Amino acid sequence: MAKVMLEVNELTTKYITRFKENVYAVDHVSLKVEEGKSLGIAGESGCGKSTLALSLMGYYFPPLHYTSGEIIIDGQNITGLTPDNIRKSILGTEIAYIPQAAMNALNPTQKVIHFIEDVVHAHFPDATKKEIYDLARTRFETLGLNASVLEKYPVELSGGMKQRTVIATSVILGPKVLIADEPSSALDVTSQKKVIKMLRDMMETEIIKSMIFITHELPLLYNVTDDIMVMYAGQIVEKASAEKAVFDPLHPYANGLMGAIIVPEEGLRDVKLTAIPGVPPNLKNPPEGCRFAERCKYAVPQCKVIKVSLNEIGNGRAYRCIFSEDELREFYKDAKSN
Amino acid sequence: MPNQTEPLFKAVGLSKEFGFGRQKTLAVNQVDLALEEGEVITIVGESGSGKTTLAKMILGLISPTGGEVFFRGEPRDISTYRKKLAYWKNIQAIFQDPYSSFNIFTKIDTVLLDCIRMRGNGNLPREKKREMMAEACSFVNLKFEELTNKYPFELSGGQMQRLMIARIFLLDPKILIADEITSMIDACSRATILDMLMELRDKIGMTVVFITHDVGLAYYVSDKVYIMEHGKFVESGTPDEVILNPKGDYTKRLISDVPKIYEEWDLSTV
């Protein structure tokens, strides 16, 4: 059995608003990523994807607060560490994070190599400029970037190039887990493909050991990751392999998401896209029962009363619904034939 | 007297140059475009291919450096502000960033009232106007009662983009330019917005020009697709022709760059 790189048990984090209300944006989330595997997280805006990503780093700053649960990276529990220790020993070397607008991290008045020196010096104050330059050059060349980029100013680079530069920099110390939060959403399809290619290369050359990829583009997720996890209102509603999550989703929300996929392939024009009506619930006071019940086509009265737990059904699959697997598949079959 | 056989909008040899001397760049190069009433066309291209410049010229926001534009068979005249306003009654746009599409100091009521005024219905009684605004909001699945006295920044991106469609509903233009309207919105709201726009198209029979880099979206919505490269149309035709059987290398590359679910996505061709 492969080594588990990242293990998260029942992690709960909350935002405290200025009226002292608690908003649980990540609610009892458990996940496991093995060495050499990647996990995708899907869901619509405001479902807690990015908050989960921030929480996974163990680095909390107001209004985000830690509540309960534990995060274990390669056998090391990082939950109790102070922010200073996290920055010193975890970020960059154990876990790295790429936000959506990663390219904005570059300082417009300094060359790219200076930015890399800053990153390395924060962890290894004794590293010389020569060492850093050599490390950066080999790393950039393995990832298919031209080493001349290092001597350039950010304004001389295009958006896609800047994004790739920052991604390459964030893995310069070879983190065990890379969290990529919508790294390609602001780019056009061609640059997006280059970014994805680079992430794949990093996995293959074992610069990073495992990856968590967050996006709302399901076709992209399907092509990039091994497993897919669907989030809704701070909870996991479905966990499955990429293949199963796209072609055989169990939770009604996951099924709804699959109905909104747009790909340039034959037959798409005959299908009417089905969007999920309504909006996600307000997490200040989430509903008692199933959080998706308000918007669910198949909801029955019990849905709004019974607290639904995650049903583990083997093979790493899980879903959060009161109906059984077969009942759900029956629903979708009927919906399709109508 | 407008000629009946003429298309609604026609551009011949439309060009735009930026800069001068050695820094001169040709953003749009001799483009011919004709829009018929009620059709949906899509202009697809990567960043920097001149899509948005072309859209701005169609809208009259920037003036072309070459070529002619005809609207309803007659040369377009937008030399004065008054004439521009009259032109914009017929042609409207929705842009990429919903957060910067609205004036942050005006309430949503005012935004919608302005549209009613622009149609020349400013003198209607207040109840009638409220009724029209409520109708427009309910068309895009927003509740007007919840929106009154709110400012645009209190809404989510998807809601704002839907409010833009409500504006179009009230304005009832002949041509709508939709410039990357779904690229900043998540995949789930994207389907809702496209469906609403298509429904509106059927209802008021307007021409829609989609501008996008998303080939999937182009395939889903359009009657006709134009592929744009370096300011020129390199391929055009029905979506089945262009997207399922592309001829040019550029088109093939664009299509291969989109992640798919039924075919293998080839990452080696970057």
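The values are calculated or read from the model by the stated rules, or taken from the named source; none is laboratory data. The model shown is predicted, which means the values in this text are computed figures rather than measured ones. Here the Cβ positions follow ideal geometry from the backbone for every residue, glycine too, while neighbour counts run over all protein chains shown. Just so you know, the surface numbers come from the protein's heavy atoms only, side chains and all, with ligands and any DNA or RNA stripped out. Shrake-Rupley method; radii C 1.70, N 1.55, O 1.52, S 1.80 Å.
Where Lys and Arg each count +1 and Asp and Glu each count -1, what net charge lies around B:Thr182 among other residues with Cβ under 10 Å from its Cβ? Intermediate values should be presented prior to the final figure.
Values: positive: B:Arg190; negative: B:Glu180, B:Asp186, B:Asp214.
Local net charge: -2.
Summing charges over neighbours of A:Ile322, with a neighbour being any other residue whose Cβ is under 11 Å away from its Cβ, gives +2 when K and R count +1 and D and E count -1. Amide hydrogen proximity for B:Glu235: with H placed 1.01 Å from N in the peptide plane, the residues at 5 or more positions away or on another chain lying under 5 Å are B:Ile227. Karplus-derived 3J(HN,Hα) values for segment A:20-37, using 6.51 cos²θ - 1.76 cosθ + 1.60 with θ = phi - 60°, are 6, 8, 9, 10, 7, 7, 10, 10, 6, 9, 10, 7, 9, 10, 8, 4, x, 10 Hz; glycine and proline are entered as x. Given labels modelled 7 Å from the Cα in the Cβ direction, how far is it in nm from A:Ser158 to A:Arg137? A separation of 2.6 nm, rounded to one decimal place. Rg then Dmax, both in Å and based on the Cα atoms of chain A: 21.1, 68.
The simple spin-label model puts a point 7 Å past each Cα toward its Cβ; for B:Asp240 and B:Asn149 those points are separated by 5.5 nm.
On a 20 Å Cα-Cα criterion, which of the cross-link pairs A:Lys336/B:Lys143; B:Lys89/B:Lys203; A:Lys304/B:Lys150; A:Lys336/B:Lys203; B:Lys174/B:Lys224 come out too long?
Numbers: A:Lys336/B:Lys143 30 Å; B:Lys89/B:Lys203 18 Å; A:Lys304/B:Lys150 31 Å; A:Lys336/B:Lys203 27 Å; B:Lys174/B:Lys224 18 Å.
Listed pairs above 20 Å: A:Lys336/B:Lys143; A:Lys304/B:Lys150; A:Lys336/B:Lys203.
Could you work out the relative contact order of segment A:138-198? I mean the mean sequence separation of Cα pairs under 8 Å and 6+ apart, divided by the number of residues, in percent.
Details: 28 pairs, mean separation 22.7, N = 61.
Contact order relative to length: 37 percent.
For trypsin sites (Lys or Arg not before Pro), the sites in segment A:292-338 that DSSP calls loop and that have at most 10 other Cβ atoms within 10 Å are A:Lys307.
What percent does the relative contact order of chain B come to when contacts are Cα pairs within less than 8 Å and at least six residues apart? Computed over chain B, the figure is 25 percent. Among B:Pro98, B:Pro259, B:Pro152, the largest mean-square fluctuation in a Gaussian network model of chain B (Cα springs under 10 Å) belongs to B:Pro259.
Amide hydrogen proximity for A:Ile98: with H placed 1.01 Å from N in the peptide plane, the residues at 5 or more positions away or on another chain lying under 5 Å are A:Ile179, A:Ala180, A:Asp181.
Size of segment A:51-191: Rg and Dmax of its alpha carbons, in Å, are 15.8, 46. As a length-normalised measure over Cα pairs under 8 Å and 6 or more apart, the relative contact order of chain A settles at 19 percent. With a sphere of radius 10 Å drawn around the Cβ of A:Pro219, what net charge do the other residues whose Cβ falls strictly inside it have (Lys, Arg +1; Asp, Glu -1)? Summing Lys and Arg as +1 and Asp and Glu as -1 gives -1.
Within chain B, what is the longest stretch that has no chymotrypsin sites (Phe, Trp or Tyr not before Pro) placed in a DSSP loop and near at most 13 other beta-carbon atoms within 10 Å? Numbers along the way, then the final one.
On the way: sites that count: B:Phe20, B:Phe105, B:Tyr262.
So the longest stretch without any such site is B:106-261.
Taking every DSSP bridge with both residues inside chain A, close to 60 percent are antiparallel.
Per residue of chain B, the DSSP helices (runs of n ≥ 4 H) give a summed -39500 (n - 2.57) that works out to -10500 deg cm²/dmol at 222 nm.
In the protein assembly as shown, carbon and sulfur make up what percent of the accessible area (probe 1.4 Å)? Before the final figure, lay out the partial values.
Numbers: 13790 of 28070 Å².
C and S atoms contribute 49 percent here.
Springs between Cα atoms under 10 Å define the GNM used for chain A, and in it the highest mean-square fluctuation of A:Glu35, A:Glu266, A:Glu44 occurs at A:Glu266. Of the trypsin sites (Lys or Arg not before Pro) found in segment B:200-270, the ones in coil according to DSSP and having at most 13 other Cβ atoms within 10 Å of their Cβ are B:Lys247. Among the GluC sites (Glu not before Pro) in segment B:163-270, which ones are in a DSSP loop with at most 13 other Cβ atoms within 10 Å of the Cβ? Mind listing them? Those that pass, being in a loop and sparsely packed, are B:Glu263, B:Glu264. Which of B:Leu244, B:Leu197, B:Leu147 moves most in a GNM of chain B, Cα contacts under 10 Å? Residue with maximal mean-square fluctuation among B:Leu244, B:Leu197, B:Leu147: B:Leu244. Summarising the label geometry, the points placed 7 Å from Cα in the beta-carbon direction at A:Asn22 and A:Glu330 lie 4.0 nm from one another. For the pair B:Tyr262 and B:Asp249 in one chain, pulling the backbone fully straight at 0.36 nm per residue adds 2.5 nm over the alpha carbon distance.
Using a Förster distance of 22 angstrom, determine the FRET efficiency expected from the C-beta separation of A:Val305 and A:Asn285, and round it to 0.05. Write down the numbers at each step before the final one.
Numbers: r = 16 Å, r/R0 = 0.71.
The calculated FRET efficiency here is 0.90.
For the protein assembly as shown, the calculated P(r), taken from all Cα-Cα distances in 10 Å bins from zero up to the bin holding the longest distance, is 3, 15, 24, 25, 20, 10, 3, 0, 0 percent.
Per DSSP helix of 4 or more residues, -39500 (n - 2.57); summed, then divided by the residues of chain A. What does that give at 222 nm, rounded to the nearest 500? Numbers along the way, then the final one.
On the way: 9 runs with 95 residues, N = 338.
The per-residue figure over chain A is -8500 deg cm²/dmol.
If you average 1/r over all unlike Cα pairs in segment A:202-338 and invert the result, what Kirkwood radius do you get in angstrom? By the Kirkwood definition, the hydrodynamic radius is 16.3 Å. Note that segment B:223-232 has calculated 3J(HN,Hα) couplings of 8, 9, 10, 10, 9, 10, 9, 6, x, 10 Hz, one per residue in order, obtained from phi through the Karplus relation 6.51 cos²θ - 1.76 cosθ + 1.60 (θ = phi - 60°); glycine and proline are x.
From the protein chains alone at 1.4 Å, what is the descending order of accessible area for A:Ile98, B:Ile104, largest first? Intermediate results must be reported in sequence, preceding the final value.
Numbers: A:Ile98 5, B:Ile104 85 Å².
Ranking A:Ile98, B:Ile104 by accessible area, largest first, yields B:Ile104, A:Ile98.
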